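Have a look at the structure below, then the notes.
Where a number appears in this text, it was derived from the coordinates with a stated rule and is not lab data. Model, not experiment: these values are computed from the prediction. Because the Cβ atoms are built from the backbone with ideal geometry, glycine has one as well, and the counts that use them run over all protein chains shown.
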Amino acid sequence: MYKYETHLHTSQGSACGASTGAEMARAHKEKGYTGIFITDHFFNGNSAVDRSLPWKEKIELFCKGYEDAKAEGDKIGLDVFFGLEYGVKAAEFLMYNIDKQFLLDCEDFDKWHPKKAFDAVHEAGGFIIHAHPFRERDYIDHIKLYPRHVDGVEAVNGAHFDHLEFNDRAKVYAMMYELPITAGSDTHSVNCMYGSGVETEEKILTPLDYLRQIKEGRLTLRESTM
C-alpha cells in the first residue's frame with residue numbers, strides 16, 4: 001500500500017504553520033509516506049503572505065513552501081504535489097491539480113465570488129474537496145456548504161481526533177449528496193503529526209490519479225493515530 005498525506009501546511013505559506021516545506025517532506029518520509037500534498041492557506045484564509053504586496057510577488061511567496069518541499073522530496077524519494085486551501089469566510093476548500101501559473105493568471109483570485117473561483121478551477125482541470133465541513137471553532141460563525149461545486153468531502157480530518165463527531169457529520173453530508181470521501185491530517189507542525197491521510201494500492205503519479213481513486217472509492221482512509 002502507498003500512503004499519502006492530502007492536507008498539510010507549511011510555515012512559509014500558512015500563518016498557523018510551524019514547519020517549513022523541507023521539514024515537512026523529511027518528517028513524512030520518515031513516517032513512511034509515499035507522497036504529500038502541500039495545501040497552504042490562500043490569501044482569503046490564514047495565509048503567511050503579506051496581502052499588500054503585488055500579486056506576482058504574493059504568488060511567488062505563497063508557492064515557496066511547496067517548492068522547498070518538492071526540492072527536498074526529489075532528493076529523498078518523496079512525491080510532493082501542489083494544492084491550496086481556499087477560504088470562503090470560515091469554510092475552506094482544498095484545491096488540487098492547479099499550479100503557480102494558474103494563480104498568476106487569476107489575479108485577485110482570493111477576492112472572486114466562490115462559485116466563479118470554483119468554476120475556474122474546474123475549467124482549468126482542477127478539482128475541489130470540501131475540507132472539514134462541520135468543524136466547530138470560535139472563529140466559525142456558521143456552516144457553509146457547496147455540494148454542487150465540490151468533487152468530494154474530507155470526511156476524515158486527523159486534527160479532529162478529539163471531536164470525531166465533526167467527521168461523522170461530514171460522512172453523513174457526503175452520503176446525502178452522493179459525494180465521495182477522502183481523508184487528511186491537516187498537519188501544521190512536524191511535532192504534531194496526526195497520522196491520517198489515505199492509502200492506495202496504485203501509486204499516485206499526478207493529482208488526477210488521486211481524483212480518479214476518490215471517485216472509484218478505492219482509497220483506504222487513515223484515521224488519526226493520536
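General observations
- Residue by residue, the range 205-213 carries 3J(HN,Hα) couplings of 9, 9, x, 5, 5, 5, 4, 4, 6 Hz when phi is fed to the Karplus relation 6.51 cos²θ - 1.76 cosθ + 1.60 (θ = phi - 60°); x denotes Gly or Pro.
- Stretch gain in nm, segment C16-W112, where the contour uses 0.36 nm per residue and the Cα spacing is subtracted: 32.2 nm
- At R0 = 35 Å, FRET efficiency that the Cβ-Cβ distance of H122 and L164 yields, to 0.05: 0.65
- Computed helical MRE - 222 nm, the chain, DSSP H runs ≥ 4 contributing -39500 (n - 2.57), nearest 500: -9000 deg cm²/dmol
- Counting 0.36 nm for each residue step from R51 to M1 and taking away their Cα separation leaves a gain of 13.9 nm.
- The range 32-100 - Rg and Dmax from Cα coordinates, angstrom: 12.8, 39
- Partners for K56 among aspartates and glutamates (Cα-Cα distance below 14 Å; same-chain residues under 8 apart left out): D99, D105, E107, D108, D110
- Residue pairs exceeding 20 angstrom between C-alpha atoms, taken from K3/K58; K3/K31; K89/K171; K58/K100; K75/K215: K3/K58; K89/K171; K75/K215.
- Charge dipole (Cα centre; +1 on Lys/Arg Cβ, -1 on Asp/Glu Cβ; no other charges) of the chain amounts to roughly 160 debye.
- Put the Cα centre of the range 101-152 next to the Cα centre of the range 7-51 and the gap is 18 Å.
- On a per residue basis, the convex hull of the C-alpha atoms belonging to the range 1-58 measures out at 80 Å³.
- Once the Kirkwood radius over Cα pairs is known for the range 2-222, the Stokes-Einstein relation at 25 °C and 0.890 mPa s delivers a diffusion coefficient of 144 µm²/s.
- Neighbourhood charge, 13 Å Cβ-Cβ cut-off, centred on V156 and excluding it, Lys, Arg +1 and Asp, Glu -1: -3
- Peptide packing for 36-49, 78-91 was compared via the average number of neighbouring C-beta atoms within 10 Å per residue; ordered from the highest value, the list is 36-49, 78-91.
- Spin-label proximity, I140 to the range 16-35 - amide N less than 13 Å from point 7 Å beyond Cα toward beta carbon: none
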